[in-house]
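K.L.:
Below is a structure I'd like to ask you about.
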Amino acid sequence: MAQEAQENGTKKKPNRVLPIILGTILLAGIIFGIKEYIYYGKHVDTDDAQIDGNISPVVARVGGYVDSIYFEENTHVNRDQVLVKIDDRDYKVKLEQAEAAVTGASANINVGQSQIFANAANSSSAKAQVESAAARLDKTNKDYQRYANLVKDGSITQQQFDQAKADLEVAQANYRASQDQYKAAQEQVGATKNQLNVTHTGVSQRQVDVDYAKLQLTYTVVKSPASGITSKKNVQVGQLVQAGQTLFSIVNDNSIYITANFKETQLDKIRDGQKVNIEVDAYPDLKLQGSVYNFSPATGAKFSLLPPDNATGNYVKVVQRIPVKIKINGSKEDIDKLRPGMSVSVSVIVKE
């Protein structure tokens with residue numbers, strides 16, 4: 001009996017461990033909930049974000065065989081540094097042909113000027129002939145008038161009068177012919193001048209061909225459009241490249257930023273210039289600061305290859321995301337670690 005009473009007394013002892021555990025969990029949950037409430041009242045977070053940067057594709061502007069390459073992939077290059085040289089012999093020949101065409105056209109100008117001088121001399125000679133013919137016409141006309149008066153009183157014979165009349169008609173014909181010759185000579189001078197103008201235009205066109213050939217020749221030397229790190233090298237010595245072909249790309253220096261895709265329901269509190277805390281997945285211990293720079297004018301879905309069309313009848317409401325550009329504030333050493341495409345998490349401080 002005593003042993004049974006002792007066992008019953010042991011069973012009736014209250015279990016105090018479980019309430020303590022439950023209380024501790026409840027208290028931790030309340031503290032955690034309060035902290036989260038306070039945190040999210042001052043921050044807007046997203047892990048749908050990545051590093052971006054300005055990437056300049058380097059494109060061949062003329063076709064040809066690659067003669068030399070002066071860089072290695074994933075190395076730093078400076079702006080205007082020569083990176084690739086295309087065989088330029090064909091372009092040099094084209095330049096020489098264009099320059100020869102200019103020389104020939106310029107020679108035609110000298111010929112045209114000589115023709116103008118010759119035609120001007122012919123015009124002066126024709127003008128002198130007109131003046132001479134006019135003087136002869138004036139003399140024969142006066143002789144005819146005198147013979148006309150003399151023949152009336154019989155002082156001269158009819159034959160002499162007829163001869164004076166014939167001389168007058170010949171003088172008139174010569175005068176008209178000399179006038180026509182003078183007019184033709186003047187027109188020839190004008191035509192030669194017009195032809196010289198055409199020749200000048202031809203020289204200008206040939207000079208344009210020379211300038212274009214020189215420009216094409218300069219394109220055989222491919223220079224870096226910006227300072228940065230080369231990537232996606234797609235060219236080898238001896239390779240035949242075409243105009244418009246991408247040879248490689250350059251990730252520009254000092255162009256790294258973050259594109260964070262926030263839900264449309266999160267944008268109400270985000271403003272330009274707000275501070276941002278940045279965590280990089282590749283460098284968990286690296287803590288960076290930034291600031292909101294600007295907002296995309298449309299959702300990411302609108303820029304997709306097949307944007308959604310809600311008018312098709314199968315509408316399902318989906319929360320859209322808006323890309324937000326964030327500038328990174330940090331030391332050059334820290335920023336140099338970042339690469340476009342890296343995943344990051346950002347937290348915008350909406351309340352201090």
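Values quoted throughout were computed directly from the atomic coordinates according to the rules given, and no laboratory measurement underlies them. Since the model is a prediction, treat every value here as computed from it, not as a measurement. When we count neighbours, we look across all protein chains shown, and the Cβ atoms used for this are built from the backbone with ideal geometry, even at glycine.
K.L.:
Kindly flag which residue pairs out of Lys42/Lys327; Lys223/Lys302; Lys85/Lys327; Lys233/Lys337; Lys232/Lys332 have an alpha-carbon separation exceeding 26 Å in this structure.
P.N.:
Result: Lys223/Lys302; Lys85/Lys327 exceed 26 Å.
K.L.:
Amide H of Val84 versus every other amide H placed in the peptide plane: which residues, excluding those fewer than 5 positions away on the same chain, fall under 5 Å?
P.N.:
It is Tyr70, Val222, by chain and number.
K.L.:
Could I have the simple spin-label model distance between Ile21 and Lys302, label points 7 Å from Cα toward Cβ, reported in nm to one decimal?
P.N.:
5.5
K.L.:
Given a Förster radius of 22 Å and the C-beta distance between Lys35 and Lys269 as r, what FRET efficiency does 1/(1 + (r/R0)^6) yield to the nearest 0.05? Walk me through the numbers on the way to the answer.
P.N.:
Numbers: r = 19 Å, r/R0 = 0.86.
Result of the calculation: an efficiency of 0.70.
K.L.:
Viscosity 1.567 mPa s, temperature 4 °C: what is the translational diffusion coefficient of region 222-352 from Stokes-Einstein with a Kirkwood Rh over Cα pairs, rounded to a whole number of µm²/s?
P.N.:
My calculation gives 72 µm²/s for D.
K.L.:
Give the calculated FRET efficiency between Val208 and Asp334 to the nearest 0.05, with a Förster radius of 51 Å applied to their Cβ-Cβ distance.
P.N.:
E(calc), rounded to 0.05, equals 0.45.
K.L.:
If each of Asn314 and Lys287 carries a label point 7 Å out from its Cα toward its Cβ, how far apart are those two points in nm?
P.N.:
With each label placed 7 Å out from Cα toward Cβ, I get 4.8 nm.
K.L.:
For Asn234 and Gln158 in one chain, what is 0.36 nm times their gap in residues minus the Cα-Cα distance, to one decimal in nm? Please report the intermediate quantities before stating the final value.
P.N.:
Working: separation 76, 0.36 × 76 = 27.36 nm, distance 10.69 nm.
So the chain would gain 16.7 nm between Asn234 and Gln158.
K.L.:
Shifting gears a bit: Calculate the spin-label point distance for Glu72 paired with Val170, positioning each point 7 Å from the Cα along the beta-carbon direction, and give it in nanometres.
P.N.:
Using points 7 Å along Cα→Cβ, the separation is 10.2 nm.
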